[in-house]
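The values are calculated or read from the model by the stated rules, or taken from the named source; none is laboratory data. Only a predicted model underlies this, so the values are computations on that prediction, with no experimental measurement involved. Please note: Cβ atoms are built from the backbone with ideal geometry, for glycine as well, and neighbour counts cover all protein chains shown.
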């Protein structure tokens, strides 16, 4: 894969809170989706991240904290996933927040699950992966009722969707303004295809809602092979312009991102997208927005 010279070693050091990290251990929990991705079908643990991020200091980055996002384990293992991650955090204090899985389509029946999650100190958000669901999935009364319960519990909602689903989840966010919605991976624009006019319009409409923030993450795995850093800068620039730096947050999407990029390389791409920002605004993108959204002390 061609390299790209976007990591400027002369820039001031950047404190990073990674808002989108996955960990998994197929020896302990069941992850059905890994059967389709042999390149990721092994354990990914804190020690592996330490290896992947070695040398960040020499590149001008300081990784201060990470946010764990549910990793697609089997439904029956959802509670066990939270317990396991909290056990990891006890020995790895860099892990400061957890985004847990909840089947929100069950409506009011999810109340007990959400109440149980509130007893976990690190759980500050929820994700119900939506990217493979049929149109209309989030418009049902039960799903909206489940999302409303997140607002009552003070939990954010991560949205993992594909670009064609943006209008639907924008309508959802407008219906439940008391919930903070976190758009993962910029809504997965069609980077490999290159026809992004509709995505650009849809993202701009979503950005008009003050209760939505946007993760600068996941673009490398949406692109074609042989991508260069400047190929992805227009997408990041559009998100930054529409949401503003105080509503954008860096996400590494590790280890899924390893299918297309290295950790430091993706950091460099996002830093290049932030090159014209002031230091406080750049720090919002890399740490402060995540600190606020996921309530990291």
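Results, tabulated for the structure shown:
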| read-out | value |
| --- | --- |
| Output for the stretch 38-63, where each listed residue is closer than 16 Å to residue 17 by Cα, out of contact with any helix residue (DSSP H, G or I) (no Cβ under 7 Å at 6 or more places or on another chain) and assigned to a helix (DSSP H, G or I) | 49, 50, 57 |
| Some residue of the stretch 144-155 being part of a loop (DSSP other than H, G, I, E, B) and within 20 Å of residue 247 (Cα to Cα) | yes |
| Filtered residue count, the stretch 44-62, keeping only those that are surrounded by fewer than 20 Cβ atoms within 10 Å (Cβ to Cβ) and within 20 Å of the chain's Cα centre (by Cα) | 6 |
| The lone exception for residue 172 - which of (1) more than 26 Å from residue 63 (Cβ to Cβ); (2) more than 17 Å from the chain's Cα centre (by Cα); (3) surrounded by fewer than 19 Cβ atoms within 10 Å (Cβ to Cβ) it fails | (3) |
| Residue count, the stretch 92-107 (criterion: in contact (Cβ under 8 Å) with a residue 24 or more places away in the chain and not in a strand (DSSP E or B)) | 8 |
| Helices (runs of 4 or more DSSP H) wholly inside the stretch 219-295 containing at least 1 residues that are in contact (Cβ under 8 Å) with a residue 40 or more places away in the chain and under 21 Å from residue 196 (Cβ atoms) | 229-243, 263-273 |
| Members of the stretch 64-91 that are assigned to a helix (DSSP H, G or I) and either at pLDDT below 95 or under 24 Å from residue 272 (Cα atoms) (or both) | none |
| Tally, over the stretch 161-196, of residues that are touching a residue at least 24 places away in the same chain (Cβ under 8 Å) and part of a loop (DSSP other than H, G, I, E, B) | 13 |
| Flag if residue 127 is out of contact with any strand residue (DSSP E or B) (no Cβ under 7 Å at 6 or more places or on another chain), under 15 Å from residue 159 (Cα atoms) and either modelled with pLDDT of 95 or more or surrounded by fewer than 18 Cβ atoms within 10 Å (Cβ to Cβ) (or both) | no |
